[in-house]
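Have a look at the structure below before the remarks.
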Amino acid sequence: SQTIHQWPATLVQPVGSPLSLECTVEGTSNPNLYWYRQAAGRGLQLLFYSVGIGQISSEVPQNLSASRPQDRQFILSSKKLLLSDSGFYLCAWSLRGTYEQYFGPGTRLTVT
Amino acid sequence: GQQVMQIPQYQHVQEGEDFTTYCNSSTTLSNIQWYKQRPGGHPVFLIQLVKSGEVKKQKRLTFQFGEAKKNSSLHITATQTTDVGTYFCAGVWGTYKYIFGTGTRLKVLA
C-alpha cells in the first residue's frame, strides 16, 4: 500500500531564516506530487505541483520554491521566511492521470 | 480568478439531524472532489464526481454534481458524532488545477 511521509511535524522558525520541508511517497511510482498551504481555519491553497522529476509548476507567486530531485521526493524551500509564511503545509500525491489526492500528515510552521 | 465558494461556513447540529453543505464554482469544472478533515488532522479523500448530474452515495453520505458542473453538494443523513470535522470540496479545472472551497465546519452535539 502507498504511504506518504512529511517532516518535521512542527517547526518554529525566525523571520528571515531558510526553510526546507520534505515529503516522500512509498509504494507507488511516477506519482503527481503537490504542496498546499492551509492558513488557520481556512481552506487549502495549491502552491506547487509536479508531474515528474525536475518538473515543477507554480500556482501562486511567493518567496517559496519547490524541487523534485527524485521520483517520490518533493521538497518545499524558502531562502528567507516571512511572518505570512506561517501555516499548515500539506504534501499530497495522486496516481498519474487521476485527480484523487492523498495527503500527508502535514507540517505546522510558525514564523516568529 | 477562479473561485469556489462553500456554504455554510459553520453548522452545528444535534446528533441524528441531517446536514448539507454546498459548493459553487465561478467556472465549469472537469470534476469535483470532497474531502474531510478532522480537527488537527489532514484532509482525507471521500469521493470524486465527474459526470454532469452525477449522484453518488456512501452509506449516510450523498454527493451530487450539478448539471452545469459548477456546483455540488454533500448531504449527511442522521449525523453521528464521528461526522465531526471540516468538509471541503475541491474543484478541478484544466490540468491539475485544483481550487479548494472554504470548507464547512460541522459540529455534532450529542
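Among the conditions (1) in contact (Cβ under 8 Å) with a residue 40 or more places away in the chain; (2) within 11 Å of chain A (Cβ to nearest Cβ); (3) touching a Lys or Arg at 6+ places or on another chain (Cβ under 8 Å), the only one that residue B:76 does not satisfy is (2).
Scanning region A:59-97 for residues that are within 9 Å of chain B (Cβ to nearest Cβ) and in contact (Cβ under 8 Å) with a residue 24 or more places away in the chain, which turns out surrounded by the most Cβ atoms within 10 Å (Cβ to Cβ)?
Initially, region A:59-97 is screened for residues within 9 Å of chain B (Cβ to nearest Cβ), giving A:59, A:88, A:90, A:92, A:94.
The next check asks that each one be in contact (Cβ under 8 Å) with a residue 24 or more places away in the chain; those that pass are A:88, A:90, A:92, A:94.
On the way: A:88: 19, A:90: 24, A:92: 29, A:94: 20.
For region A:59-97, the residue satisfying everything is A:92.
The residues in region B:59-110 that are modelled with pLDDT under 95, under 23 Å from residue A:97 (Cβ atoms) and either assigned to a loop (DSSP other than H, G, I, E, B) or of a type in the set (Lys, Arg) (or both) can be counted, and the count is 4.
State all residues of region A:98-107 that are closer than 22 Å to residue A:10 by Cβ and either over 14 Å from the mean Cα position of the chain (by Cα) or facing another protein chain (nearest Cβ under 7 Å) (or both); if no residue qualifies, say none.
In the first step, residues of region A:98-107 are kept if they are closer than 22 Å to residue A:10 by Cβ; the result is A:102-107.
Across region A:98-107, the qualifying residues are A:102, A:103, A:104, A:105, A:106.
Scanning region A:72-95 turns up at least one residue that is closer than 25 Å to residue B:1 by Cβ and in a loop (DSSP other than H, G, I, E, B). Here B:83, B:18 are screened, and the one residue that is surrounded by 17 or more Cβ atoms within 10 Å (Cβ to Cβ) and over 30 Å from residue A:48 (Cα atoms) is B:83.
Counting the residues of region B:1-58 that are in contact (Cβ under 8 Å) with a residue 60 or more places away in the chain, assigned to a loop (DSSP other than H, G, I, E, B) and not charged (D, E, K, R) gives 9. Under 21 Å from residue B:43 (Cβ atoms), among the charged types (D, E, K, R) and not in a strand (DSSP E or B): does that describe residue A:37? Spelling it out, it is not the case that residue A:37 is under 21 Å from residue B:43 (Cβ atoms), among the charged types (D, E, K, R) and not in a strand (DSSP E or B).
The values are calculated or read from the model by the stated rules, or taken from the named source; none is laboratory data. Because the structure is predicted, anything quoted here is derived from the model rather than measured. Using ideal geometry, Cβ is built from the backbone for each residue, glycine included, and neighbour counts are taken over all protein chains shown.
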